[in-house]
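See structure below.
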Amino acid sequence: MATPPPPLRRATLPLLVVAVLVGALATTARADLVISRADRRVDLTSHIVRVLASLKVENVGPDPVSQVLLSFPNIQAKNLAAIRAFGTEGKVKGPSTVLPIEVVQPSGAPPELTFFSALLPKPLEKGKILHLDVLTVFTHSLQPFPEEITQAEAQLVVYQDSAHYLSPYPVKVQTLAIRLPGGRVESYTRHPSAKLVDSELKYGSFEDLPPFSYLPVIVHFENNNPFAVAKEVIREIEISHWGNVQITEHYNIAHGGARLKGEFSRIDYQSRPYVRGVSSFRNLIARLPPRAHSIYYRDEIGNISTSHLWSDSKKTQLEIEPRFPLFGGWQTTFTVGYGLPLQDFVFYSDGNRFLNITFGSPIEEILIEKLIVKVVLPEGSKDIEVSAPFPTKQWQEVKYSHLDIVGRPVVVLEKPDVIPEHNLYFQVYYKFNNISLLREPLMLITGFFLLFVACIVYMRTDMSISKSSPSYLAKLQWDEVQATVQKIQGIFEQCLAVHDKLEASLRDLSRTGDIQSCKAARKAADAQFKELSKELKSLLTSLQSSPQSYQIWPKVEDLIIKEREMQEKLMTRHSTVVDSFEKKLRGQDIENRIALQQQKIAALRQEVESLLEYISEI
């Protein structure tokens with residue numbers, strides 16, 4: 001192996017340690033099985049690493065074999081999110097069957113390796129051949145290097161693996177093909193058999209390798225695909241037997257790639273998004289069921305209108321575009337909701353109803369570090385059972401909604417490190433009596449019936465107060481006070497209207513220079529003020545004599561004082577402006593003469609309006 005570049009030497013240490021450890025395991029290997037050919041294909045086009053190993057296994061021992069061991073270094077096994085095995089027996093590869101997988105610890109095996117066992121449907125006899133396909137999916141296996149980049153830089157990542165298939169069995173012939181996302185390749189481990197063609201890196205073939213053979217390889221390459229990592233997703237599935245299954249998904253998504261270094265420039269990003277934001281992502285694709293309806297996409301602020309929806313008879317595709325592009329280390333939260341037809345997902349069998357729906361998120365290529373699925377069943381459901389295709393943590397809760405009495409049972413399933421391969425169907429079985437559907441309608445009918453009965457009783461009951469009682473007299477007095485106050489408010493509103501006319505006459509004067517019209521407007525305003533003052537005097541006398549006006553009278557007095565002061569200031573300013581125009585002063589000189597008066601008039605106007613509003617509330 002060629003010496004790696006200096007920045008990557010530190011990354012090779014874990015692999016070299018594994019190579020030393022597994023080198024001592026040849027004595028613990030079993031010789032019952034031989035892998036005559038192993039072809040591995042590693043897909044690095046996403047931030048989720050998928051490895052498909054196609055194995056041709058032959059039993060060369062004397063006894064039948066009922067399981068095939070699969071080994072992984074712990075540094076890889078800790079990131080293993082899913083493992084599946086498919087097998088078929090025979091010299092020619094035919095239709096495969098799914099094989100159960102379980103974790104095992106063979107005798108004599110060191111703790112540095114993790115072993116899985118693929119259980120065969122029937123023992124593999126001596127001389128027989130098994131075609132075994134093993135799909136493994138790893139998370140957090142692509143490490144950003146460097147860990148921080150600027151807005152304009154592309155994202156580079158490092159992937160570590162072994163060119164040799166790490167197996168407890170001898171391998172006669174094996175190859176490794178690594179599919180890259182395109183773009184530049186900074187470096188990769190050199191080997192005589194290594195060959196880089198376009199976006200595929202190949203190692204091998206290697207022949208006659210002993211058990212636990214290990215050859216570390218490191219690939220440093222560009223990967224700007226979305227590193228969408230959801231810290232937590234809460235998926236709520238609420239069943240209504242009135243014909244709908246409501247799905248609500250709450251996301252907390254982050255960019256799991258290289259963190260952004262320095263400041264973000266929106267102008268640079270919008271002008272050249274594929275250059276000044278190549279490592280970011282600004283949309284996600286969610287593939288919803290075909291008949292999804294009432295779809296919404298929102299966050300804490302409200303509805304997000306930058307989403308796009310395509311629908312046909314086979315699928316419904318939702319393009320989710322956050323409010324801002326996501327760079328490394330950035331995160332956002334949002335909610336997606338939609339409805340589904342009940343008959344497409346809830347079925348009836350053997351006296352039980354069961355929900356059959358997918359477990360994971362509909363968003364493509366997303367890693368969910370913690371997924372919580374809540375299935376809200378109708379009130380009255382019982383005998384609840386869950387069937388999931390993989391282990392999950394389960395418990396039950398109770399949710400109260402409108403018109404609920406005992407609450408709705410909620411089945412909660414929790415699973416870490418959920419990937420698209422976990423988006424499989426699971427079932428929730430329960431019993432539900434159709435008569436329970438009538439509970440809420442009957443409650444509504446009874447409630448409205450009681451409301452109408454109460455209204456009839458109220459309308460036919462004489463609840464009037466005696467006209468001679470003190471409370472009735474006090475009410476009459478208060479009504480009179482209210483009527484008087486309303487009239488007073490009307491007079492003051494007329495006064496404010498006269499003030500506005502005086503202001504308008506001054507504006508006309510500055511525009512036309514007609515002094516006589518301005519004087520006539522002031523004379524008319526003065527006459528109106530006198531008439532309004534006469535009307536106000538009688539109303540004030542009536543208000544002051546009422547014993548119910550003790551609360552409002554002080555405010556009315558303040559209103560009168562402020563309004564009269566404003567009248568005086570306004571008339572004084574009006575006279576000053578007219579006098580200045582007669583003397584033919586400049587406009588700036590006129591403004592200087594009335595500036596202080598204008599400020600006082602504005603302050604008084606605000607106080608008068610505030611007092612009117614306060615009196616109106618009382």
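Taking label points 7 Å from Cα along the Cα-to-Cβ direction, LEU540 and GLU617 give a separation of 2.5 nm. Past the 23 angstrom mark, what percentage of all C-alpha to C-alpha distances in region 470-617 do you count? The calculated P(r) of region 470-617 puts 44 percent of pairs beyond 23 Å. With a simple spin-label model that places each label point 7 Å from the Cα along the Cα-to-Cβ direction, the separation between VAL197 and ALA527 comes to 10.6 nm. If R0 is taken as 22 Å, the Cβ-Cβ distance between ASP299 and GLU364 corresponds to a FRET efficiency of 0.65. Residues PHE345, PHE452, PHE327, ordered by accessible area of protein heavy atoms at a 1.4 angstrom probe radius and largest first, appear as PHE452, PHE345, PHE327. D by Stokes-Einstein for region 262-311, Kirkwood Rh over Cα pairs, 10 °C, 1.306 mPa s: 115 µm²/s.
Put one equal scatterer on each alpha carbon of region 373-471, apply the Debye formula with no solvent term, and list log10 I(q)/I(0) at q = 0.15, 0.17, 0.23 1/Å to two decimals. Calculated log10 I(q)/I(0) at the listed q: -0.78, -0.89, -1.18. Residue order by solvent-accessible surface for SER545, SER265, SER533, SER117 is SER545, SER533, SER265, SER117, largest first, with ligands and nucleic acids left out and a 1.4 Å probe.
Taking all C-alpha pairs of the chain, those more than 30 Å from each other amount to 72 percent.
Its alpha carbons give region 228-437 an Rg and a Dmax of 19.1, 63 Å.
Based on Cα contacts under 8 Å between residues 6+ apart, the chain shows a relative contact order of 10 percent.
Take every pair of alpha-carbon atoms less than 8 Å apart whose residues are at least six positions apart; their mean separation over the length of region 470-617 yields a relative contact order of 29 percent. Under the convention that each Lys and Arg Cβ holds +1 and each Asp and Glu Cβ holds -1, the size of the dipole of the chain around its Cα centre is about 700 debye.
Divided by 2.2 N^0.38 Å, where N counts the residues, the Cα radius of gyration of region 416-545 comes to 2.48. With Rh defined as the Kirkwood radius, the inverse of the mean 1/r over Cα pairs, the Rg/Rh of region 203-251 is 1.39. The calculated FRET efficiency for the pair LYS600 and THR461, based on their C-beta separation and a Förster distance of 60 Å, comes to about 0.55. Only the Cβ atoms of Lys and Arg (+1) and of Asp and Glu (-1) were treated as charged; on that basis the dipole of region 228-437 about its Cα centre amounts to roughly 400 debye. Only alpha carbons enter this Debye calculation for region 33-222, each as an equal point scatterer, and the log10 of I(q)/I(0) it gives at q = 0.12, 0.15 Å⁻¹ is -0.61, -0.92. Accessible surface of LEU142, taken over heavy atoms with a 1.4 Å probe and every protein chain present, rounds to 10 Å². Going by accessible surface with a 1.4 Å probe and the largest first, MET459, MET443, MET566, MET571 read MET459, MET443, MET571, MET566. Within region 382-445, the chymotrypsin sites (Phe, Trp or Tyr not before Pro) that combine a DSSP coil assignment with at most 13 other C-beta atoms in a 10 angstrom radius are TYR400.
The solvent-accessible area of GLU557, taken with every protein chain present and a 1.4 Å probe, is close to 80 Å². In whole angstrom, region 209-313 maps to an equivalent ellipsoid with semi-axes of 35, 26, 14, each derived as √(5λ) from the alpha carbon gyration tensor and ordered largest first.
The orientation-averaged projection of the convex hull spanning the C-alpha atoms of region 498-544 amounts to 3.3 square nanometres.
Considering only GLY351, PHE452, GLN544, and ranking their Cα positions along the charge dipole of the chain that arises from unit charges at the beta-carbon of Lys, Arg, Asp and Glu, the one farthest toward the positive end is GLY351.
For region 166-222, the orientation-averaged shadow of the C-alpha convex hull comes to 3.9 nm² (one quarter of the hull surface). Dipole size of region 482-593 about its Cα centre, with +1 on Lys/Arg Cβ and -1 on Asp/Glu Cβ: approximately 220 debye, rounded to the nearest 20. Membrane-span-like helices in the chain, defined purely by DSSP H runs whose alpha carbon atoms cover 24 Å or more axially and whose average Kyte-Doolittle hydropathy reaches 0.0, are 6-23, 439-459. Computed 3J(HN,Hα) for region 227-232, one whole-Hz value per residue from the Karplus formula 6.51 cos²θ - 1.76 cosθ + 1.60 where θ = phi - 60°, is 8, 7, 10, 8, 5, 7, glycine and proline marked x.
Distance between the modelled labels on GLN477 and ARG287, one decimal in nanometres: 8.1 nm (7 Å Cα→Cβ projection).
For region 287-360, the direction-averaged projected area of the alpha-carbon convex hull comes to 6.8 nm². Under conditions of 25 °C and 0.890 mPa s, region 140-291 yields 128 µm² s⁻¹ as its translational diffusion coefficient, taking Rh as the Kirkwood radius over Cα pairs in the Stokes-Einstein equation.
Mean separation of Cα pairs under 8 Å and 6 or more residues apart, divided by the residue count, gives region 228-437 a relative contact order of 25 percent.
The solvent-accessible area of ARG439, taken with every protein chain present and a 1.4 Å probe, is close to 80 Å².
The values are calculated or read from the model by the stated rules, or taken from the named source; none is laboratory data. Since the structure is predicted, the reported quantities are computational estimates derived from the model, not experimental observations. When we count neighbours, we look across all protein chains shown, and the Cβ atoms used for this are built from the backbone with ideal geometry, even at glycine. With ligands, DNA and RNA removed, areas are computed over all heavy atoms of the protein, side chains included. Shrake-Rupley method; radii C 1.70, N 1.55, O 1.52, S 1.80 Å.
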